[in-house]
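Novice: One structure follows; several queries about it will come next.
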Amino acid sequence: MSDYTLYIGNKAYSSWSLRGWLACKIAGIAFEEALIPLYQPDSRARYLAFSPTGKVPCLHHGRRVIWESLAIGEYLAEQVPARALWPRDGDARAWARSIATEMHGGFGELRKAMAMNVRRRFPGKGRTAGALADIARIVAIWQETRARFGAGGPYLFGAEINLADCMYAPVVARFWTWQPELPAPAQDYVAALWAHPLMRQWVDEASREPWVHEGYENPVD
Ligand SMILES: N[C@@H](CCC(=O)N[C@@H](CS)C(=O)NCC(=O)O)C(=O)O
């Protein structure tokens, strides 16, 4: 039995879980996946039993508990240095950490207006002024990152996805669902990450989940 356990929420909706799960996958660790659905009467109590914040994702490694998606990424980068979860080049690594942290702490308007639901498409909806402002900044981040560091492949830092891509993966999922207008380079990045085998696996598993939460199924505008 693996001594890593990753606690996550519904694959259809849990954007933070997707980040933690992708980080575990690209780290190449063997881990048990404990999916505990959100929005059930007992969800809060169940989450508090494994996570001090009562939130997912949460990684257990032996006696260690690591919560917060970015902390999980940092922990795995330290545990599995051979995998280069952050870029090896110092300039690229500083940049990657900055854009990952900007995602972790920001873009609340986008998150509010365009929730992640990898099973549904709501083209043209959710375009609040705040969401559009967040999208403009994200497009600029992607464009500049790819221009500086992405020459070797379709992802932010080239040929392989790293922790920065993990942090932006739920944004890619949101863009697939809500289809905001994007310049071609951003569309290309969305298409590349959406087609990545790990994203395909996540979406496929989400499509087989039984749980439906109305809050994610009916856009207001
Ligand atoms: N900043 C946290 C956010 C975690 C988070 O908000 N997770 C949501 C699911 S996507 C959650 O657990 N919600 C349950 C709750 O708030 O009761 C992280 O990076 O992991």
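Novice: Under 17 Å from the Cα of residue 55, which lysines turn up, not counting those fewer than eight places away in the same chain?
Specialist: 11
Novice: Under a point spin-label approximation (7 Å from Cα along Cα-to-Cβ), what is the residue 211-residue 79 distance to one decimal in nm?
Specialist: 2.3 nm
Novice: For region 90-205, list log₁₀ I(q)/I(0) at each q in 0.14 Å⁻¹, using the Debye formula over Cα point scatterers of equal strength and ignoring solvent, two decimals each.
Specialist: Relative scattering, expressed as log10 I(q)/I(0), comes to -0.53.
Novice: What percent antiparallel are the DSSP beta bridges of the chain, to the nearest 5?
Specialist: 70 percent
Novice: Hey, any idea what Rg/Rh is for the chain, computing Rh the Kirkwood way over Cα pairs?
Specialist: When Rh is taken as the Kirkwood radius, the ratio is 0.95.
Novice: Of 133, 82, 192, which is the most mobile in a GNM of the chain whose springs link Cα atoms less than 10 angstrom apart?
Specialist: 82
Novice: For the residue pair residue 137 and residue 101, what label-to-label distance in nm results when each label sits 7 Å from Cα along the Cα-to-beta-carbon direction?
Specialist: 1.5 nm
Novice: At 222 nm, what value in deg cm²/dmol follows for the chain if DSSP H runs of at least 4 each add -39500 (n - 2.57) and the sum is divided by all its residues, to the nearest 500?
Specialist: So the calculated ellipticity at 222 nm is -16000 deg cm²/dmol.
Novice: When a/c reaches 1.5 or more, the comparison of a/b and b/c decides; with that in mind, is region 4-83 rounded, prolate or oblate per its Cα gyration tensor?
Specialist: Judged from the Cα gyration tensor, region 4-83 comes out prolate (a/c at least 1.5, a/b above b/c).
Novice: Quick one: how many Å² of residue 144 are accessible to a 1.4 Å probe, rounded to 10?
Specialist: Here the accessible area works out near 80 Å².
The values are calculated or read from the model by the stated rules, or taken from the named source; none is laboratory data. These figures come from a predicted structure and were not determined experimentally. No Cβ is skipped: glycine too gets one built from the backbone with ideal geometry, and neighbour counts run over all protein chains shown. Note: areas computed on protein heavy atoms with side chains; ligands, DNA, RNA excluded. Shrake-Rupley method; radii C 1.70, N 1.55, O 1.52, S 1.80 Å.
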